[in-house]
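Remarks on the structure that follows.
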Amino acid sequence: MSSTLESAVKEICRACGNDRMRMMDIVRAVQEKFGCVDSQAMSLIAKEVSVHRVEVESVVSFYAFLSSQPKGKVVIRLCDDIIDEMKGGRKVAEALKDKLGIDFGETTADGRISLEHTPCIGMCDQAPAALINDEVVTYLSADSARDIIDKLQSHMDPKKLVSRLGDGNNAHDLVRSMVHNSIRKEGPVIFGTMAPGDGLRKALAMSPQEVIRDVKTSRLRGRGGAGFPTGMKWEFTRGAPGDDRFVICNADEGEPGTFKDRVILTERSDLMFEGMTIAGYAIGADTGIIYLRAEYAYLRAFLEHALAERRKAGLLGKNILGKHGFDFDIRIQMGAGAYICGEETALISSCEGLRGDPKNRPPFPAQKGIYAKPTVVNNVETFCCVARILEKGPGWFAEMGSEGSTGTKLLSIAGDCSKPGVYEVPFGITLREMLEMCGAKDTLAVQMGGASGVMVGKAQFDQTICYDDLATGGSVMVFDQSRDVLAVASKFMDFFIEESCGYCTPCRVGNPLLKERLDRIRAGKGEPGDLDYLQDLGETVTIASRCGLGQTSARPVLSTLANFRAIYERLVKPAVDGLQPAFDIHAALADSTEITGRESVHFQR
Amino acid sequence: MSDTITLTIDGRKIQGEPGQTILEAAEAAGVYIPRLCAFEGLVPHGSCRVCTVMVNGRPQAACTQPIAEGMLVENDTAQILAIRRNIIDMLFVEGNHFCMFCEKSGNCELQALAYRFGITAPKYPYLFPSRDVDASHPDIFIDRNRCVLCGRCVRASRDLDGKNVFEFVGRGPEKRVAVNAEARLVDTDIDVTDKALDVCPVGALLKKRVGYAVPVGRRLYDHKRIGSDIEQPATTK
């Protein structure tokens with residue numbers, strides 16, 4: 001066995017050029033082949049790529065899809081985001097546990113099947129959903145979950161679980177997935193018809209500076225969430241000193257409730273590749289990288305194929321479209337389960353074969369990005385917009401949307417609404433219009449922008465969706481009157497605790513502390529002073545955290561405190577007789593009661 | 001272009017050199033910015049966030065942010081002091097810190113910061129994590145109960161000793177300092193003379209058999225508060 005491991009690791013490392021920068025590919029391959037990257041494998045990899053063993057351990061221990069302990073041949077990862085829970089996820093979880101006879105985090109005694117929870121897998125429109133190895137299974141129920149286990153136990157082949165195919169390219173031979181696109185509203189930018197090469201041809205007829213000027217004129221802002229002006233980012237990168245430059249497409253769609261990039265990757269990958277190629281031309285890069293989240297591995301072969309088609313058509317490779325000297329190609333870098341890698345500098349760390357820790361800024365990626373070279377990182381949707389801007393002109397684009405937010409935006413809407421799915425809408429529509437559009441009734445709250453966004457209530461329904469009012473990277477979660485907004489907030493805090501990289505103190509420690517006090521209040525043990533405590537703690541986490549994750553991680557608490565304060569106020573109780581309601585004397589005495597075998601004389605139950 | 005940069009810290013103009021961080025420029029001008037992960041001679045880490053300052057109204061870590069002409073830095077404001085105090089509180093409740101019998105007491109930077117900020121007890125609830133101790137090495141031990149994840153030992157071993165004995169593993173609340181071996185410190189190439197052993201701000205990485213050598217009253221922070229060696233006496237300001 002160990003000689004098998006040794007030769008396999010050697011071969012995997014050699015296939016990756018014994019390059020430590022390709023650590024992600026190496027550890028992913030070892031994980032896939034052996035079900036884990038165990039201690040021995042770590043030592044072997046370290047030797048092959050000339051790093052210290054602990055550096056390999058550092059990477060393996062960081063990503064959720066990698067493991068140092070053996071996992072089953074089949075790993076079931078049930079999505080445990082709030083939408084899945086609302087759609088019956090708990091019953092599915094119980095059925096899976098019951099049927100397999102194991103709990104989450106465990107592997108069956110025969111070593112065949114492992115059961116795990118995983119945060120949002122980008123399938124909220126068809127929840128509850130799970131990943132079974134790389135396959136996606138959707139619309140789960142307790143019955144279908146039991147049926148899946150029966151089938152797996154007989155054939156152990158996740159691919160055979162796909163009984164019906166989804167629409168569009170989900171039915172493509174290289175995808176063959178049961179995922180549905182759920183495109184509810186097509187707009188002109190993303191879903192308009194396109195012929196590969198249209199935007200690129202126009203771009204190549206201009207100088208790179210003119211391309212950047214057009215992107216600036218369109219006033220396009222990044223679609224990932226932060227909303228930085230794209231043209232300005234490109235200009236900085238082009239102007240930064242250095243010989244090599246890189247274009248990175250952030251396809252690590254991990255914000256809970258977002259699934260619009262999944263649909264772009266399935267139906268509009270050409271538009272995205274085209275935008276990346278235009279970016280390459282504009283900034284003077286010859287390499288593009290798509291960082292694809294591990295949850296979307298089922299799309300990888302299809303995307304590789306689409307890239308090969310573009311190479312054949314002369315849209316990638318050397319002297320693209322006959323333009324002498326313009327060489328550009330794109331490769332796919334797989335992630336391994338880490339929300340933080342959607343943060344651009346963490347994404348770069350991951351591409352470099354490191355833990356997904358964000359980097360200190362300055363320098364910014366535009367100056368020193370991947371391999372310390374000038375790098376543009378944009379979202380999937382942003383690149384699509386670029387291709388369309390070059391094709392149709394910046395004026396065409398800027399006429400849509402609102403003053404500070406031009407163009408259209410893809411929304412992924414899910415939760416308590418009759419028409420969940422992807423909507424392409426012009427910026428500037430009100431929340432009320434949006435709720436009407438998706439068939440939401442009796443709405444209590446809307447979470448705009450995912451866990452890192454804000455929870456808003458009725459008073460905000462006339463606000464508009466745009467960068468300067470209610471911003472969103474695409475995630476919209478709808479909650480009706482039957483929902484408990486503080487339970488939702490608590491769920492989001494679980495998410496941030498799980499996904500924090502742990503680098504900086506406020507995020508690593510502050511989030512568990514926020515969760516502790518929020519849950520205490522939810523349990524009816526809060527005091528009025530706890531509201532100020534949460535506000536103060538939340539502000540410290542927001543102000544002092546190092547990256548965007550920590551700077552937004554307190555929002556579930558802070559936005560519910562601001563917009564649903566009455567709920568908190570009903571729950572907290574002033575201290576009576578000088579006793580603190582939060583202090584549970586019986587819980588505090590439990591250990592000593594057990595050890596001494598008798599109850600306290602003063603505090604009997 | 002002049003080779004000095006002028007910036008303002010809490011209303012006071014100071015001069016710095018190009019390439020300096022806010023923390024370095026402030027220190028050279030006699031202004032102490034509290035810090036924990038920053039250590040002279042090691043690359044800035046920016047992880048503890050104790051040195052958070054406001055720069056032109058935006059929060060930045062003073063240890064990683066380079067100075068720029070005309071920068072307005074707020075270091076000694078009620079808001080910043082409250083944030084730092086909260087962060088120090090967090091570090092106490094995150095680990096298991098028992099100052100009264102810790103060898104590092106009196107020489108501990110975390111403890112000294114708490115005294116400087118007037119913290120007698122943390123306002124956050126203790127998290128009481130279960131952490132391990134590695135006493136496998138004959139001359140050195142690691143007590144992870146006291147570790148604040150500042151990464152000084154990681155950087156010192158890598159950059160000063162050229163060894164990479166330490167590295168971070170895990171993420172979020174599970175993050176910890178691991179050693180470059182299957183499990184135990186004794187199986188690494190660490191040596192008792194390594195510089196990595198001299199940088200720990202707390203009592204997490206210590207040499208054996210030298211604890212409590214300095215009597216109470218003569219320890220580093222027994223009479224002067226942390227940062228006082230940097231701060232200019234008020235009269236010369």
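In whole Å and largest first, what semi-axes does the C-alpha gyration tensor of chain B yield when each eigenvalue is scaled by 5 and square-rooted?
32, 20, 17
Output the Kirkwood hydrodynamic radius of region B:5-76, Cα pairs only, in Å rounded to one decimal.
So the Kirkwood estimate lands at 11.8 Å.
Say R0 is 25 Å: what FRET efficiency, to the nearest 0.05, do A:GLU399 and A:ASP468 get from their beta-carbon distance?
0.85
In nanometres, what is the gap between the two model label sites at B:ALA29 and A:THR430, each 7 Å from Cα along Cα-to-Cβ?
Using points 7 Å along Cα→Cβ, the separation is 5.1 nm.
Want the number for B:ARG209 to B:PHE128: 0.36 nm per residue separation, take away the alpha-carbon distance, what's left?
On the way: separation 81, 0.36 × 81 = 29.16 nm, distance 2.73 nm.
Value of the extension gain: 26.4 nm.
Where a ≥ b ≥ c are the square roots of the eigenvalues of the C-alpha gyration tensor, would you call region A:410-479 rounded, which needs a/c under 1.5, or, failing that, prolate if a/b is larger than b/c, or oblate?
Rounded, since a/c falls under 1.5.
When the C-alpha atoms of region B:16-123 are aligned to their principal axes, what extent does each axis show, in angstrom, from largest down?
47, 30, 22
May I ask you to compute the full-extension gain from A:SER68 to A:HIS324, defined as 0.36 nm times their residue separation minus their alpha-carbon distance, rounded to one decimal in nm?
On the way: separation 256, 0.36 × 256 = 92.16 nm, distance 4.87 nm.
Taking 0.36 nm per residue and subtracting the Cα distance, the gain is 87.3 nm.
Compute the Rg/Rh shape ratio of region A:521-595: radius of gyration over Kirkwood radius, all on alpha-carbon atoms.
Ratio of gyration radius to Kirkwood radius for region A:521-595: 1.11.
Please give the per residue volume of the convex hull enclosing the alpha carbon atoms of region A:447-500, rounded to a whole number of Å³. All intermediate terms of the calculation are to be shown ahead of the outcome.
Values: hull volume 4.4 nm³, N = 54.
It comes to 81 Å³ per residue, whole-number rounded.
At a threshold of 8 angstrom on Cα-Cα distance, excluding pairs fewer than six apart, so keeping six or more, what relative contact order does chain A reach in percent? Working shown, then result.
Details: 1217 pairs, mean separation 75.4, N = 605.
This gives 12 percent for chain A.
In nm, to one decimal, how far is the modelled label at A:ASP244 from the one at A:LYS91, with both set 7 Å along Cα→Cβ?
Placing both labels 7 Å beyond Cα along the Cβ direction yields 5.4 nm.
Using a 1.4 Å probe over the heavy atoms of the protein chains, calculate the carbon and sulfur portion of the accessible area of region A:184-398 as a whole percent.
52 percent
When the Cα centres of region A:178-195 and region A:345-404 are compared, how far apart do they sit, in Å?
For region A:178-195 versus region A:345-404, the Cα centre distance is 22 Å.
If I take all pairs of Cα atoms in region A:486-571, what percentage of them are more than 17 Å from each other? Before the final figure, lay out the partial values.
Working: 1380 of 3655 pairs.
Tail fraction, whole percent: 38.
Relative contact order, percent, of region A:410-479 when contacts are C-alpha pairs under 8 Å separated by at least 6 residues? Kindly include the intermediate steps, with their values, before the conclusion.
Values: 133 pairs, mean separation 28.1, N = 70.
Relative contact order, region A:410-479: 40 percent.
How long is the gain from A:GLU304 to A:ARG565 if the chain were fully straight, where each residue apart is worth 0.36 nm and the alpha carbon distance is subtracted? Each step should come with its number before you reach the end.
On the way: separation 261, 0.36 × 261 = 93.96 nm, distance 4.95 nm.
Stretched out fully, the A:GLU304 to A:ARG565 stretch lengthens by 89.0 nm.
Mind checking the angle between helix A:585-596 and chain A's longest principal axis? C-alpha axes, 0 to 90 degrees, to the nearest 10.
70 degrees
Where q = 0.09 Å⁻¹, what log10 of I(q)/I(0) comes from the Debye formula for chain A, counting one point per Cα?
-0.74
Using a/c under 1.5 as the rounded threshold, could you call region A:165-228 rounded, prolate or oblate? The axes a ≥ b ≥ c are square roots of the C-alpha gyration tensor eigenvalues, and prolate needs a/b larger than b/c, oblate otherwise. Don't jump to the answer; show the numbers that get you there.
Numbers: a/c = 2.86, a/b = 1.84, b/c = 1.55.
Prolate shape, in that a/c is at least 1.5 and a/b is the bigger ratio.
Which shape class, rounded, prolate or oblate, goes with region A:270-377 when its Cα gyration tensor gives a ≥ b ≥ c as root eigenvalues, a/c under 1.5 marks rounded, and past that a/b bigger than b/c marks prolate?
oblate
Starting from a Cα-only point model with no solvent, please compute log10 I(q)/I(0) by Debye for region A:1-144 at q = 0.11, 0.14, 0.18, 0.19 1/Å.
-0.48, -0.71, -0.96, -1.01
Rounded to the nearest 0.05, what FRET efficiency is calculated for A:SER43 and B:THR193 with R0 set to 25 Å and r the Cβ-Cβ distance?
That gives a FRET efficiency of 0.40.
As a test of the formula, what do you get for chain B when each DSSP H run with n ≥ 4 contributes -39,500 (n - 2.57) and the sum is divided by the residue count, at 222 nm and rounded to the nearest 500 deg cm²/dmol?
-4500 deg cm²/dmol
Which of B:ALA78, A:VAL211, A:ILE567 sits closest to the plus end of the dipole of the protein assembly as shown, meaning its Cα is farthest towards the positive end, when Lys and Arg get +1 and Asp and Glu get -1 on the C-beta?
Of the options given, the answer is A:VAL211.
If you scale each eigenvalue of the Cα gyration tensor by 5 and take the root, what three semi-axes come out for region A:184-398, rounded to whole angstrom and sorted largest first?
Taking √(5λ) for each Cα gyration eigenvalue gives 23, 20, 17 Å.
Could you tell me the center-to-center distance, by alpha carbons, between region B:149-191 and region A:583-604 in angstrom?
So the two Cα centres are separated by 42 Å.
Compute the angle between helix A:269-283 and the longest alpha-carbon principal axis of chain A, please, reported from 0 to 90 degrees and rounded to the nearest 10.
70 degrees
Given the DSSP H assignment, sum -39500 (n - 2.57) over each helix run of at least 4 residues in chain A and divide by its residue total; what's the result at 222 nm in deg cm²/dmol, nearest 500?
-12500 deg cm²/dmol
Out of residues 5 or more away from B:ILE5 or on other chains, whose amide H comes under 5 Å of its own, with H placed 1.01 Å from N in the peptide plane?
Distant-sequence amide H within range of B:ILE5: B:GLY16, B:GLU17.
Take B:HIS97, A:HIS155, A:HIS117 and sort them by solvent-accessible surface of the protein heavy atoms, 1.4 Å probe, largest at the top.
Heavy-atom accessible area, descending, gives A:HIS117, A:HIS155, B:HIS97.
I need the trypsin sites (Lys or Arg not before Pro) found in region A:157-231, filtered to DSSP loop residues with at most 10 other beta carbons within 10 Å of theirs.
A:ARG164
Percentage of Cα-Cα pair distances in region A:401-445 greater than 14 Å, rounded to whole percent?
49 percent
Please list log₁₀ I(q)/I(0) at q = 0.12, 0.18, 0.23 Å⁻¹ for region A:88-205, using the Debye equation with identical point scatterers on the alpha-carbon positions.
Debye curve over Cα of region A:88-205, log10 I(q)/I(0) at q = 0.12, 0.18, 0.23 Å⁻¹: -0.55, -0.97, -1.41.
I'd like the distance between the alpha-carbon centres of region A:521-550 and region A:47-76, rounded to an integer number of Å.
For region A:521-550 versus region A:47-76, the Cα centre distance is 34 Å.
Could you state how much accessible area is buried at the A-B interface, both sides summed, with a 1.4 Å probe, in Å² to the nearest 100?
Counting protein atoms only, the buried area is about 3400 Å².
Measuring from label point to label point, each 7 Å out along Cα→Cβ, what is the A:ARG605 to A:ARG14 span in nm?
6.6 nm
Using the alpha carbon gyration tensor of region A:3-62, what are the three equivalent-ellipsoid semi-axes (square root of 5 times each eigenvalue), largest first, in whole Å? Don't skip to the end; give the middle numbers.
Numbers: eigenvalues 38, 33, 23 Å².
Equivalent ellipsoid semi-axes, largest first: 14, 13, 11 Å.
Using only Cα atoms, tell me the angle between helix A:380-392 and the longest principal axis of chain A; keep it within 0 to 90° and round to the nearest 10.
Value to nearest ten degrees: 30.
Relative contact order for chain B: what percent, with Cα pairs under 8 Å and sequence separation of 6 or more?
Details: 402 pairs, mean separation 46.1, N = 237.
19 percent.
The values are calculated or read from the model by the stated rules, or taken from the named source; none is laboratory data. The model shown is predicted, which means the values in this text are computed figures rather than measured ones. All Cβ positions, even for glycine, are placed from backbone atoms using ideal geometry, and neighbour counts span all protein chains on display. For the accessible areas, the whole protein counts, side chains as well, though only heavy atoms, and no ligand, DNA or RNA atoms are used. Shrake-Rupley method; radii C 1.70, N 1.55, O 1.52, S 1.80 Å.
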